[in-house]
1. Do we have Thr46 as outside any helix (DSSP H, G or I), among the polar types (S, T, N, Q) and at pLDDT 95 or above here?
2. From the set of residues in segment 19-68 that are among the small types (Gly, Ala, Ser) and within 19 Å of Leu89 (Cα to Cα), which is surrounded by the fewest Cβ atoms within 10 Å (Cβ to Cβ)?
3. For segment 87-109, give me each residue that is part of a helix (DSSP H, G or I) and in contact with a strand residue (DSSP E or B) (Cβ under 8 Å, 6 or more places away or on another chain).
4. Test Glu103 against the criterion of being more than 12 Å from the chain's Cα centre (by Cα), of a type in the set (Asp, Glu) and either over 24 Å from His24 (Cβ atoms) or surrounded by fewer than 20 Cβ atoms within 10 Å (Cβ to Cβ) (or both), and give yes or no.
Amino acid sequence: MHCPCPEPNPKGTARFSKAARLRHRQEFLRAQAQGKRFHTRHFGVTLAPMTEGHPRLGLVATRRLGKAVRRNRVKRLLREFFRRHQTGLPAFDLVIMAKKGAEALEYHQVEEELGRLLFSRARQKTHD
């Protein structure tokens, strides 16, 4: 199956700056309280509208995924997906919680699973 994502940024042209991250507990709590929740097989996703002009990412990887090496690998894959596709996303606070089994995914599987969810939501938002 092909990812419905727009063409990603070429390697090296996108940054993942501090402004693009959810960094404080209060930001996560606001996103979870005001956002809509969606689920895929390997991820729980919360999308919360925001007033700033760019999307921001927050990641949750609990010990259920395994030891730190596995959790960090999942977070690296998710950050790479966000970094490459952030220009195509609407202004949302995006919280992604990895579920058990996510540690075994390859990048193209993450891209396909999240791309299907996020870019269908982005198209819906632009038509509202």
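1. Working: outside any helix (DSSP H, G or I): yes; among the polar types (S, T, N, Q): yes; at pLDDT 95 or above: yes.
In short, yes.
2. To start, the set of residues in segment 19-68 that are among the small types (Gly, Ala, Ser) comprises 19-20, 31, 33, 35, 44, 48, 53, 58, 61, 66, 68.
If we keep only those that are within 19 Å of Leu89 (Cα to Cα) too, we end up with 19-20, 31, 35, 44, 48, 53, 58.
Values: Ala19: 10, Ala20: 17, Ala31: 21, Gly35: 18, Gly44: 14, Ala48: 21, Gly53: 7, Gly58: 19.
Out of the qualifying residues, it is Gly53.
3. Taking segment 87-109 first, the residues part of a helix (DSSP H, G or I) are 87-88, 102-104, 107-109.
Of everything in segment 87-109, just one residue is part of a helix (DSSP H, G or I) and in contact with a strand residue (DSSP E or B) (Cβ under 8 Å, 6 or more places away or on another chain), namely Ala102.
4. On the way: more than 12 Å from the chain's Cα centre (by Cα): yes; of a type in the set (Asp, Glu): yes; either over 24 Å from His24 (Cβ atoms) or surrounded by fewer than 20 Cβ atoms within 10 Å (Cβ to Cβ) (or both): yes.
Against the criterion (more than 12 Å from the chain's Cα centre (by Cα), of a type in the set (Asp, Glu) and either over 24 Å from His24 (Cβ atoms) or surrounded by fewer than 20 Cβ atoms within 10 Å (Cβ to Cβ) (or both)), Glu103 qualifies.
The values are calculated or read from the model by the stated rules, or taken from the named source; none is laboratory data. If you're wondering where the values come from, they're calculated on a predicted model, not measured in any experiment. Note that each Cβ is placed from the backbone with ideal geometry, even for glycine, and that neighbours are counted across all protein chains shown.
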